[in-house]
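The values are calculated or read from the model by the stated rules, or taken from the named source; none is laboratory data. Keep in mind it's a predicted model, so treat the numbers as computed, not measured. Don't worry about glycine lacking a Cβ; one is built from the backbone with ideal geometry, like all the others, and counts go over all protein chains shown.
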Amino acid sequence: MIYRREVDGLRALAVIPVIFFHAGFSFFSGGFVGVDIFFVISGYLITSILMKEIDSGDFSIITFYERRARRILPALFLVMLVSIPFAWLWLIPADMLDFAQSYSAISVFSSNLLFWKESGYFDVATELKPMLHTWSLAVEEQFYVILPLLLLLLWRFGSKVCVTLLSVFAVVSLLLAHWASSHAPSAAFYLLPFRWWELAFGSLTAFFMYKSSGAGLGLKLRQLLCYLGVVLIAISLFSFDKHTPFPSFYTLVPVVGTCLIILFCTADTHVGKVLGSKLLVAIGLVSYSAYLWHQPVFALLKHRFDGDLNLFYALALVLLTFILAYISWRFVEQPFRNKQRIGRAAIFSMALLGSALIMLFGIGGHLTNGYTSRYENVLDPKITSFPRIDNGWCFYSVDTLSSLEVGEKGQHCLIGRKGADKKALLFGDSFAGQYEPFWHKVADHLAVEVNSVTTNWCFPAIGEGFSGPESSSAYQQCLMNRAFLKTHAKDYDLVVLGGDWATVFNENDMDAVKELIQWLASEVKQVVIMPSPKRYDKNVNALYVRSVFLNHPFDISTVATTADESAVQAHQQLEQLAGQFSNVVMISRQQLFKGDSTSEKIPYSADGGHISIYGAEAAADMFIKGKGLKQLIDHIK
């Protein structure tokens, strides 16, 4: 296979946007498409090598995987090894547990499956997962388990059969990806069936280049096609963002652009000369190592500094990423690719030993719940936990817990004084579910049995509005919950509503909430509206837990609350509405929360938005001991 400098330059065009995107630079709003560019390049290069070897009769499956091991594993193992001591120092047990589990998954190239299963309503922010980027390596390696065998099987029937079947598979995969981008977005993002087509486009490009050449076209036409490829990639880098369905038909823009550049941007074109320049080629050569280093560098430092990376630090980390990339390329990647220096037996031995050690580290982290022995201080799980059906409460987190099914099971969970004559319904999303420990205590004082009907993103309404992706199973549960409310509201003496009022306000859904409250006021004896807790710009509880484990001072007053402005405005509208009805009351924050922390200086907040079980119970104690409970009793008599 003839070496093409411009392809290495194209690698630079892929890795630079990815790194700057994860560094937080908004001008690369679509920087994530760099991974899609890598997929196409990878499919093109690997297929080109496979075709040449199969056609000449020199193909060996052992040699193929030896080559993959030399290319992928040494630098990967180095990055993982170096990351461990920093994770050991800076990650609290919950984060270390996730980190260790990712190591186990990486050892068998299945981290994409792990991150897919972990993605959901209460998932840790992706920018804080040091090994998240390895999902793309897993997708590639899964593809390369299938591709060599597929080509080996089909080659005897001719290249037309290979191209036809690859094209059919690619089209089916693309159609599945576009469908899944709105119906199962996490699966679409992480899993091979929805990413196959991107690698296959690279493979089809290799077939075209193998049988013919874009160089056969006139130079002017190739120049035009090159510029078109650059424009398509530029459009995706600077106009796509987190709201763009991905992968989907939109992904054709960078994928087709990459294919055009590979096909037509040879060294005699303007674009080819730029891509073949010394600087871009140099960056392209270290692009794999740069990709490996960037995510753990950014994520681990964000853990260390609680997410505060200003422009100076972001640029410094970008520079550090490329310094580390050069070191690992020069002293690890290059030597291990040299068959004369390191033989096949050594490579396979290293692969087995390294994978086994990584697996053991992951298993150890799982068994010790994140290597908790690193710290003397142990926190009560209630301090950090959110009340859910899997920890003794009722919140029906159907989107997060795979054991749950959409249905009536999410509509019958009792708290408070069970069997009491008076009945109450707690209804809404997770911002209603967070109050289950609160109402368990308060309802016992009121001699009321409470049925909690809550699920993800299902803010109080009777229409079809939804705060989350409609592809989520929680959406179907939400529609069922609202049907239950409309049918059974009259069966309850008291209906309590809780919602993520900030999001409802920002998404212009307040009218739907008001419509529900007006309807309930005419249907039930009493309606109670719960406030959203103060919303912080960071995960307050994570900061607190880190301060305990690392023995650092904790000052909640330093955490910004700009995210709370929308909730305050929503509360004002809800209070005004409640004042219009004699049987509607809104409980204020002041009746529940004494400042930002409990008397023990523990924050109420569980994640910066919701309150924890501990916070809810502390709020109940304050409500009962203060004037809140008496006022509520007077109001509902």
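Assorted remarks:
- Which listed residue, of SER588, SER612, is buried (at least 19 other Cβ atoms within 10 Å of the Cβ) and more than 18 Å from LYS525 (Cβ to Cβ): SER612
- Residue that is surrounded by the most Cβ atoms within 10 Å (Cβ to Cβ), among those in segment 303-343 that are touching a helix residue (DSSP H, G or I) at 6+ places or on another chain (Cβ under 6 Å), of a type in the set (Lys, Arg) and modelled with pLDDT of 90 or more: ARG337
- THR562 passes every criterion in (1) surrounded by fewer than 16 Cβ atoms within 10 Å (Cβ to Cβ); (2) at pLDDT below 90 apart from (2).
- Filter result (among the hydroxyl-bearing types (Ser, Thr, Tyr) and assigned to a helix (DSSP H, G or I)) within segment 555-587: SER557, THR558, THR562, SER566
- Selection within segment 49-97 - of a type in the set (Lys, Arg) and either within 30 Å of GLY158 (Cα to Cα) or not in a helix (DSSP H, G or I) (or both): LYS52, ARG67, ARG68, ARG71
- Once segment 216-274 is narrowed to residues that are more than 26 Å from the chain's Cα centre (by Cα) and not in a helix (DSSP H, G or I), the residue that is nearest to HIS183 (Cα to Cα) is CYS265.
- For segment 370-409, the set of residues classified as modelled with pLDDT of 90 or more, touching a helix residue (DSSP H, G or I) at 6+ places or on another chain (Cβ under 6 Å) and farther than 23 Å from TRP116 by Cβ consists of TYR371, PRO387, TRP393, CYS394, listed by residue number.
- Any hit, segment 616-635, residues being touching a Ser or Thr at 6+ places or on another chain (Cβ under 8 Å) and within 15 Å of ALA432 (Cα to Cα): no
- Residue pairs whose Cβ atoms lie under 8 Å apart, sitting 6 or more positions apart in sequence or on different chains, and linking a residue in segment 51-76 that is without any contact (Cβ under 8 Å) to a residue 40 or more places away in the chain to a partner that is assigned to a loop (DSSP other than H, G, I, E, B) and exposed (fewer than 14 other Cβ atoms within 10 Å of the Cβ), are GLU53/SER60.
- Among the residues of segment 503-524, those that are part of a loop (DSSP other than H, G, I, E, B) and either within 28 Å of the chain's Cα centre (by Cα) or basic (Lys, Arg) (or both) comprise GLU507, ASN508, ASP509.
- Any chance ILE106 is without any contact (Cβ under 8 Å) to a residue 60 or more places away in the chain, of a type in the set (Val, Ile, Thr) and in contact with a helix residue (DSSP H, G or I) (Cβ under 9 Å, 6 or more places away or on another chain): no
- The set of residues from segment 494-506 being out of contact with any Phe, Trp or Tyr (no Cβ under 9 Å at 6 or more places or on another chain) and either surrounded by fewer than 16 Cβ atoms within 10 Å (Cβ to Cβ) or of a type in the set (S, T, N, Q) (or both) comprises just one member, ASN506.
- Of the helices (runs of 4 or more DSSP H) lying entirely inside segment 430-502, those containing at least 2 residues that are in contact (Cβ under 8 Å) with a residue 12 or more places away in the chain and basic (Lys, Arg) are 473-488.
- Which numbered condition HIS552 fails, given (1) of a type outside the set (Val, Ile, Thr); (2) assigned to a helix (DSSP H, G or I); (3) surrounded by fewer than 19 Cβ atoms within 10 Å (Cβ to Cβ): (2)
- Considering PHE86, PHE39, the condition of being at pLDDT 95 or above, surrounded by fewer than 20 Cβ atoms within 10 Å (Cβ to Cβ) and under 27 Å from the mean Cα position of the chain (by Cα) is satisfied by PHE86 alone.
- Boolean, VAL527 is in the same structural domain as GLN631 (by TED's automatic domain parsing) and in a strand (DSSP E or B): yes
- Of everything in segment 110-142 that is aromatic (Phe, Trp, Tyr) and crowded, with 21+ Cβ neighbours inside 10 Å, the residue that is modelled with the highest pLDDT is TRP135.
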